[in-house]
Structures are given as C-alpha cells and as structure tokens.
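The values are calculated or read from the model by the stated rules, or taken from the named source; none is laboratory data. The model shown is predicted, which means the values in this text are computed figures rather than measured ones. Glycine gets a Cβ as well: all are built from the backbone with ideal geometry, and neighbour counts include every protein chain shown.
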Amino acid sequence: MSLLHQARFFVTVNHLRDLPATAVPEVAFAGRSNAGKSTAINILCNQKRLAFSSRTPGRTQHINFFGVAPVKAPDPLAFLVDLPGYGYAQVSGSAKFHWQALLSDYVQTRSQLSGLVLMMDARRPFTDLDCQMVEWFLPTGRPIHVLLTKADKLTNSENALALRETRKVLAGYAEQLDTPVPLTAQLFSSLKRRGIEEAQRVVAGWLSLPDGCITQAQRRVSASMIAGKIKSFFFSQAAWSGTRQPHRTSRPADSRTSFRLFSLKPCPLSPSTVRVACAAMISLAG
Ligand SMILES: Nc1nc2c(ncn2[C@@H]2O[C@H](COP(=O)(O)OP(=O)(O)OP(=O)(O)O)[C@@H](O)[C@H]2O)c(=O)[nH]1
Ligand SMILES: [Mg+2]
C-alpha cells in the first residue's frame, strides 16, 4: 500500500508568511479551477473527503497542506499541496489578484517544492493561464508532470491526440532550458480510475517515499492470507481415499467413529519455491 493512502489534513494557508516552516518535500497540484485537482488528491490518497472537491468552480480558495506519514508518526515525511484553481471568472478583482500573487509566489519561491503536478482538462490543455503557471515554475529547475484530467470525456483517439500534443508542447519548453528537467504527461480520470498508479509513482518518487509501505496490521493480514492459501493448496492436493472403521469397534461406521482417510499427493512445488514462499511468510509476519 502506498504511504499516500495515509495522508491527512495538516494546515490551510492564505498568506505566504503562514506556510509551514518544515523542511520536508512537497508536491503541489496546480491547474484551472474545476480541473479536478482536489478530486485527484482524494483518489491518489484513496480517500473520499481528504480534499474538498465540488461541481462549483472556485471550491478550493486557500492552499491546503496534507501531511504524508505512517500511522502514529508524529511528523509528516512529506506534503501534498492542493492549490486554489486559477481562471475562475466569478472571483472579484482584489481576490483574484490575491490568489494570483499567492500562487505565483508559492510556486516560484517555495524551496521545499520538489515538483508540480499540473492538471489540465484533456479537452482544453495549455490555456494561457496554464502556460503562465509553467513559465513561473520552469526557472526553479524542478520537474512538471501533467495530468490530462477527465479523460473519460474523450474517445481513445481524442485522448491519444491530446497526449501527443501535450508532449509536443512540453518538449518545446524543454528545448528552452539550459539544464534538462523532466517534463512529462499522462492521461488521467478520477471517475474511471485511470492513470492512478502512474501518477502515484511520480508523486511518491518526487517525495522520496518508498513505493509501498506495509503496516503491522497489514503484515498480519497478509501473513494469515498466505498461510490460508498454502493450507488450502495442500488440502486441494489431498485425495479422498475412503472411510475406515477404527479397530475393535462394533458400531456401524458414522461420522463420529470412523476415520476419514486422505492421502496427500506429492507436492508439485520445487523445494526452492517452497523455501521462497516460507521466507515471504516469515518476513511478512515479522
Ligand atoms: N468526468 C469527470 N469529472 C471529474 C473528474 N475529476 C473531477 N471531476 C469533477 O469535476 C468537478 C471539479 O472537481 P474538483 O476536484 O473540485 O476541481 P478543482 O480543480 O479542485 O477545482 P477548484 O477547487 O475550484 O480549483 C467535480 O464536479 C468533480 O466531480 C474526472 O476524472 N472525470
Ligand atoms: Mg479544489
């Protein structure tokens, strides 16, 4: 299981001065309002209401930090950061200015930011504001991973075209850089659960999280599951070989007094496979 699944709310910030004074890495999710940022954070963290998503654009109005840490760990190992969406027309002039300044200052100056997940609706990628965001962030020399969201709204060929075009634009940006930095893209759909593992791998890699993290409780469940499977395997190899009466009994054979005889077939697993299975059980149980 990914450590991301154990993310929990940490803090909401409305001014740069309130950003957490921590040294752990962060990954921020940026994009137009309604692109699906908050929904994607929930899906990547396998939770329903970690970040607030809404049909109404402009739902996320502050910078929300979610800490990633093993259960009971006192401090987060890393943060996921849900940014307010840009391009929401209904926001008043001064609020729009405030958000824009907050966003641009955050992505340009936050040294803990390891990478930017740029979320764009697959039907209309690279609006002016998306390009603006890329241009703010590129000088930091950190990677960008584009999620082309709501891929469920397009056909396969439309998705393939959108991805190809997006990669072309990113390659254009990469050419302008003196030092190469990964600028990658993928298709994504929270609704159809498409592209989740690929996105998790990128985010976990940027945050230097281990690929998987098995808690003690999960170890016990996994160990008992494996033990159960091995047991049922051996039983499946057992062949019914009849009911026998115990010696020195005159009572008719019934289920209580008779022996049920099973013979085990020879185990078809090689000794080395059995050794590996046992080692896996022992390490899970540990
Ligand atoms: N069809 C479809 N709808 C989606 C998908 N992801 C999100 N949505 C919907 O899009 C709407 C906006 O989602 P949010 O996650 O709140 O978007 P946001 O980018 O956080 O929006 P702001 O907070 O306003 O910046 C919601 O109604 C979601 O249910 C998806 O993959 N497919
Ligand atoms: Mg949001």
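Is it the case that some residue within the range 34-44 is more than 27 Å from Ala95 (Cβ to Cβ) and either away from ligand 1 (no atom under 16 Å from the Cβ) or at pLDDT 95 or above (or both)? It would help to see each step written out before you state the result.
First pass over the range 34-44, keeping only residues more than 27 Å from Ala95 (Cβ to Cβ): 43-44.
Restricting the remaining residues to those that are either away from ligand 1 (no atom under 16 Å from the Cβ) or at pLDDT 95 or above (or both) gives 43-44.
Among the residues of the range 34-44, at least one is more than 27 Å from Ala95 (Cβ to Cβ) and either away from ligand 1 (no atom under 16 Å from the Cβ) or at pLDDT 95 or above (or both), which makes the answer yes.
Might you let me know whether the range 92-109 holds any residue that is touching a Ser or Thr at 6+ places or on another chain (Cβ under 9 Å), of a type outside the set (A, V, I, L, M) and closer than 25 Å to Asn42 by Cβ?
From the range 92-109, those touching a Ser or Thr at 6+ places or on another chain (Cβ under 9 Å) are 107-109; that's our starting set.
Filter once more, so that each one left must be of a type outside the set (A, V, I, L, M): 108-109.
Narrowing further to those that are closer than 25 Å to Asn42 by Cβ: none.
No, the range 92-109 contains no residue that is touching a Ser or Thr at 6+ places or on another chain (Cβ under 9 Å), of a type outside the set (A, V, I, L, M) and closer than 25 Å to Asn42 by Cβ.
On the basis of being more than 23 Å from Arg55 (Cβ to Cβ) and in a helix (DSSP H, G or I), does Arg167 make the cut?
Numbers: more than 23 Å from Arg55 (Cβ to Cβ): yes; in a helix (DSSP H, G or I): yes.
For Arg167, the condition - more than 23 Å from Arg55 (Cβ to Cβ) and in a helix (DSSP H, G or I) - is met.
Of the conditions (1) buried (at least 18 other Cβ atoms within 10 Å of the Cβ); (2) over 30 Å from Ser2 (Cα atoms); (3) more than 16 Å from ligand 2 (Cβ to nearest atom), Thr127 satisfies every one except a single condition; which number is it?
Thr127 satisfies every listed condition except (1).
So which residues in the range 54-71 are within 8 Å of ligand 2 (Cβ to nearest atom) and over 18 Å from Asn14 (Cα atoms), if there are any at all?
Correct list: Ser54 only.
For every residue, the table says whether it meets (1) surrounded by 12 or more Cβ atoms within 10 Å (Cβ to Cβ); (2) touching a strand residue (DSSP E or B) at 6+ places or on another chain (Cβ under 6 Å); (3) not assigned by TED's automatic domain parsing to the domain that holds Leu80.
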{"site": "Met133", "(1), (2), (3)": "yes, yes, no"}
{"site": "Leu138", "(1), (2), (3)": "yes, no, no"}
{"site": "Leu148", "(1), (2), (3)": "yes, yes, no"}
{"site": "Ala171", "(1), (2), (3)": "no, no, no"}
{"site": "Leu177", "(1), (2), (3)": "yes, no, no"}
{"site": "Leu183", "(1), (2), (3)": "yes, yes, no"}
{"site": "Phe188", "(1), (2), (3)": "yes, yes, no"}
{"site": "Leu191", "(1), (2), (3)": "yes, no, no"}
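Using beta carbons and a limit of 9 Å, which pairs, at least six apart or on different chains, have the first residue in the range 24-48 and on the phi > 0 side of the Ramachandran plot and the second one assigned to a loop (DSSP other than H, G, I, E, B) and among the hydroxyl-bearing types (Ser, Thr, Tyr)?
Taking only residues 6 or more apart or on different chains, the pairs are Asn34/Ser54; Asn34/Thr56; Asn34/Tyr88; Gly36/Ser53; Gly36/Ser190; Asn46/Ser2.
Quick one: is Met119 in a strand (DSSP E or B) and surrounded by 20 or more Cβ atoms within 10 Å (Cβ to Cβ)?
Yes: the conditions hold for Met119.
Return the residues of the range 84-111 that are out of contact with any helix residue (DSSP H, G or I) (no Cβ under 6 Å at 6 or more places or on another chain) and either crowded, with 17+ Cβ neighbours inside 10 Å or charged (D, E, K, R) (or both); say none if nothing qualifies.
Of all residues in the range 84-111, those out of contact with any helix residue (DSSP H, G or I) (no Cβ under 6 Å at 6 or more places or on another chain) come to 85, 88-103, 106, 109-111.
Hits for the range 84-111 are Gly85, Tyr88, Val91, Lys96, Trp99, Leu102, Leu103, Tyr106, Arg110.
Specify which of the listed residues (Ala23, Ala40) is farther than 21 Å from Val146 by Cβ, more than 9 Å from ligand 2 (Cβ to nearest atom) and either among the small types (Gly, Ala, Ser) or outside any strand (DSSP E or B) (or both).
On the way: Ala40 fails: farther than 21 Å from Val146 by Cβ.
Of the residues listed, the single one that is farther than 21 Å from Val146 by Cβ, more than 9 Å from ligand 2 (Cβ to nearest atom) and either among the small types (Gly, Ala, Ser) or outside any strand (DSSP E or B) (or both) is Ala23.
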